Amino acid sequence: MSTTGIESWAVDLKDVGAIYPFQGMEGLFLIIGVVLWLGWHVLQVRAEKADYDGVVSRHGDEASINEALEGD
Amino acid sequence: MEGNLNALTTVFTEFYYWATIPLMFFIHIGFCMYEVGASRRRNHMHTLMKNTMLIPLVTITFFFFGWWLYWAMPNGPWITGGLDLAMGEANTPWSETMGPNTGDRITGVFWAAFLLFSWTAASIVSGSVIERINSGAFWILAVVIGSVAWIIDAAWGWHYGGWMVQLLGYHDAYASGVIHAIAGGFALGILVVLGPRLGKFAADGTPREINPHNPWMVCIGLFLIYAGFWGFYVACNVPIIDPGGIGGQITGDTWTATTIYLTPTTLGAITVNFLMSLSGGLLAGYLVSRGNAFWTYSGGLAGIITASAGNDLYHPIHAMIIGGFGTFCAYKLHFWVERKFKIDDAVGAVAVHGYAGFVGLVVCGFVLWGHPSSPYEGYAEINPLGQFVGAIIMFFVLGFLPGWVVAKILAAAGMLRIPKQVELLGLDFATNRDEQAAAADVRATEKAAV
């Protein structure tokens, strides 16, 4: 029993083909990958908005902005 | 693999494409350097991360669907045929050839070579929008250009069976249009919606120069892009193939290197032409900008980009002159568009990639007029009209339009541009403040220990 389907290298390589584990479940892997990708965007956009909202509320006044521009 | 010659050819081809990939990494390093160098101190790290994070996002989406688009869409679909589901099936994310497979040594390295082109397309856009775009919005746009728009254009115009090659005689061997014109057009579409950086234009509309904080870093970044461009050129070729493998009109049994269209060329030819078009661009860039380092280096890049469409066939002196001409056009157009339309392209990417790529396609149509675009029977010959229509498709239809539409959607959702206060404070404001506070704390502790 092997996750890759290969249990011995006593084979002719031209008859082998794929050697990665859990063959046949590629569709599931894709669904997981796409969910992780889209989820990343959602989390990132929320986090970026929260960061900027925080900066604006704490330091968005004229004095802070002028001070920051002086230091640039 | 049958027989030693086939085995050697396959392993050589595998290694050939693999070697282009680390070379093309330099393109991305170069883009990061010149983009960060062009930004102001208050935006450095966000600028760096904006470009860096397109790497994983474009990579995984190119695996999920980008690669399939290339193989499924050369017919349009519904222009010269339907979706090519048979070719697409072998390149889906669930295909057995996309993972470790003893029966397929080429798909993985070929996929990766295309992927590095995808990064480049997105990275070109990244520089032009610095210092005011939301990173999250940019990364969505990066996926659109890197894993959808450019790869559709590649299926249409950079594939041996692409409908643009068949019907228009479209020829773009080293991607003047399929990478550069489209990315420049896409960037312009975003810039129209995004608007300029605060302070870029005076009240009367006169553009102000926002100088790079580190011109030296910008120029070295461009130098690194030249280095990576070698990998890009090499990756555009099929390294060795026999006429039987092509299956077209070529007779005899002389093996050859070919372009992506399977038309014969040589690695030697493109090496000389790369250097001659780089030189033409550098010489023109220096003259037209009166020795400005940024525009001279950018001119070198624009020179290569302009000549790339036909650098498989041009005489080296053609490559030099075309490179210089494209650089002159790109420089003049950049400042004309900036003044006329108030477009703030922070690094000149629309000009260097978009305008130079467009010009290069059109010029190629005249210089290579009548040359067969393909080894297969029934394809249109290379011609000026086909190249001009191709340039319009690349720059406007698949570049400008998707960039503008997606930017409009993001802007409507309030996601495209950072708040005005953040733009003035700087994208790195919060991080810098925390770091300065931490440094002050450590200094105080150290002084107390004296």
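A few points about this structure:
- Shielded by partner chains, the stretch A:35-67 residues - at least 40 Å² of accessible area, 1.4 Å probe, vs chain alone: A:Trp37, A:Trp40, A:His41, A:Val45, A:Glu48, A:Tyr52, A:Val55, A:Val56, A:His59, A:Ile65
- When every Cα-Cα distance of the stretch B:1-124 is counted in 10 angstrom steps from zero, the calculated P(r) takes the values 12, 31, 31, 18, 7, 1, 0 percent.
- Think of a 1.4 Å ball rolled over the protein heavy atoms: the stretch B:349-450 then has 48 Å² of accessible area per residue.
- Percent carbon-and-sulfur accessible area, the stretch A:25-70, ignoring ligands, DNA and RNA, probe 1.4 Å: 67
- Report summary: the helix-based calculation at 222 nm, which adds -39500 (n - 2.57) for every DSSP H run with n ≥ 4 and divides by the residues of chain B, gives -19500 deg cm²/dmol.
- Within the assembled protein chains, the solvent-accessible surface assigned to B:Leu23 is about 70 Å², based on a 1.4 Å probe.
- Simple Cβ-charge dipole of the stretch A:25-70, Lys/Arg +1 and Asp/Glu -1, about Cα centre, in debye nearest 20: 340
- Where B:Leu57, B:Leu224 fall by accessible area, highest first, once all protein chains stay in place (1.4 Å): B:Leu224, B:Leu57
- When A:Asp12, B:Asp84 are compared by accessible surface with a 1.4 Å probe, the order from highest to lowest is A:Asp12, B:Asp84.
- Contact order normalised by residue count of chain B, Cα under 8 Å, 6+ apart, percent: 23
- Taking all protein chains as shown and a probe of 1.4 angstrom, A:Ile32 keeps an accessible surface of around 90 Å².
- Efficiency of FRET from Cβ geometry, A:Leu30 and B:Leu5, R₀ 45 Å, rounded to 0.05: 0.75
- Based on Cα contacts under 8 Å between residues 6+ apart, the stretch B:45-137 shows a relative contact order of 31 percent.
- When the accessible areas of B alone and A alone are added and the area of the pair subtracted, with a 1.4 Å probe, the result is around 2700 Å², both sides summed.
- Over 27 Å between alpha carbons, listed pairs A:Lys49/B:Lys50; A:Lys49/B:Lys332; B:Lys50/B:Lys447; B:Lys50/B:Lys332; B:Lys50/B:Lys200; B:Lys340/B:Lys420: A:Lys49/B:Lys332; B:Lys50/B:Lys447; B:Lys50/B:Lys332
- Degrees separating the helix B:135-144 axis from the principal Cα axis of chain B, which is the longest one: 10
- Folded to 0 to 90 degrees: helix A:26-59 orientation relative to chain A principal axis, Cα: 10
- Using alpha-carbon coordinates, inclination of helix B:401-412 to the longest axis of chain B, degrees: 30
- Chain B: Cα Rg divided by the 2.2 N^0.38 Å rule of thumb: 1.00
- Whole-number D in µm²/s for the stretch B:256-395 (Stokes-Einstein; Kirkwood sum over Cα pairs; 10 °C, 1.306 mPa s): 104
- A Förster distance of 35 Å, applied to the separation of the beta-carbon atoms of B:Met217 and B:Val272, puts the FRET efficiency at 0.70.
- Cα centroid separation, the stretch A:8-59 to the stretch B:44-98 (Å): 15
- For the stretch A:25-70, the per residue solvent-accessible surface stands at 67 Å², with DNA, RNA and ligands left out and a 1.4 Å probe.
- Per residue, the Cα convex hull of the stretch A:25-70 amounts to 58 Å³.
- Quarter of the Cα convex hull surface for the stretch B:255-329, i.e. its orientation-mean projected area (nm²): 4.6
- Kirkwood Rh, Cα atoms: Rg over Rh of the protein assembly as shown: 1.01
- Across the stretch B:328-431, the mean sequence separation of Cα contacts (distance under 8 Å, 6 or more residues apart), normalised by length, yields a relative contact order of 17 percent.
- B:His371 contributes about 70 Å² of solvent-accessible surface, heavy atoms of the protein only, 1.4 Å probe.
- Sorted largest first by accessible area at a 1.4 angstrom probe radius, with every protein chain in place, the residues B:Glu435, B:Glu35 fall in the order B:Glu435, B:Glu35.
- Occluded residues from the stretch B:67-97, i.e. those whose accessible area drops by 50 Å² or more once the chain is not alone (1.4 Å probe): B:Trp94, B:Glu96
The values are calculated or read from the model by the stated rules, or taken from the named source; none is laboratory data. Because the structure is predicted, anything quoted here is derived from the model rather than measured. Cβ atoms come from the backbone with ideal geometry, glycine included; neighbour counts cover every protein chain shown. Heavy atoms of the whole protein, side chains included, go into the accessibility calculation; ligands, DNA and RNA do not. Shrake-Rupley method; radii C 1.70, N 1.55, O 1.52, S 1.80 Å.
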